[in-house]
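Comments concern the structure below.
The values are calculated or read from the model by the stated rules, or taken from the named source; none is laboratory data. Everything numeric in this text was worked out from a predicted model, so none of it was measured. Glycine gets a Cβ as well: all are built from the backbone with ideal geometry, and neighbour counts include every protein chain shown.
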Amino acid sequence: MADPSYLNAQPGFLNASGRRGPAPPPKSSNPLVRFWNEEIVNPEKQPGNMAIAWGVAVALAGITVIRAVGKDLLVPAF
């Protein structure tokens, strides 16, 4: 009896070990689309983008709290 055909498969046939991830998106001639793809949604730059987003969110939340509660929170009352 002959060997089953799955034993003769090439390495990486059933798994993607030969590839390095999903194919990159096609290059665009539009600079805004290229910037968005390379800097904003790029998985390699996600930690830095999240740090910037958290910083902006905390700053906006602080401004909102100070404007809603009053400026008396900024000056110590002795």
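Scanning segment 48-78 for residues that are assigned to a helix (DSSP H, G or I) and not hydrophobic (A, V, I, L, M, F, W, C) yields GLY48, ASN49, GLY55, GLY62, THR64, ARG67, LYS71, ASP72. For segment 48-78, the set of residues classified as under 25 Å from the mean Cα position of the chain (by Cα) and among the polar types (S, T, N, Q) consists of ASN49 only. Taken over segment 53-78, the criterion of being within 30 Å of VAL41 (Cβ to Cβ) and of a type outside the set (Ser, Thr, Tyr) is satisfied by ALA53, TRP54, GLY55, VAL56, ALA57, VAL58, ALA59, LEU60, ALA61, GLY62, ILE63.
Look at segment 48-70: where a residue is surrounded by 10 or more Cβ atoms within 10 Å (Cβ to Cβ) and a partner is at pLDDT below 90 and outside any helix (DSSP H, G or I), sitting 6+ places away or on another chain with Cβ atoms under 7 Å, you get ILE66/LEU74. Within segment 28-47, the set of residues being loosely packed, with under 10 Cβ neighbours inside 10 Å and either more than 27 Å from the chain's Cα centre (by Cα) or part of a helix (DSSP H, G or I) (or both) comprises PRO31, LEU32, PRO43, GLU44, PRO47.
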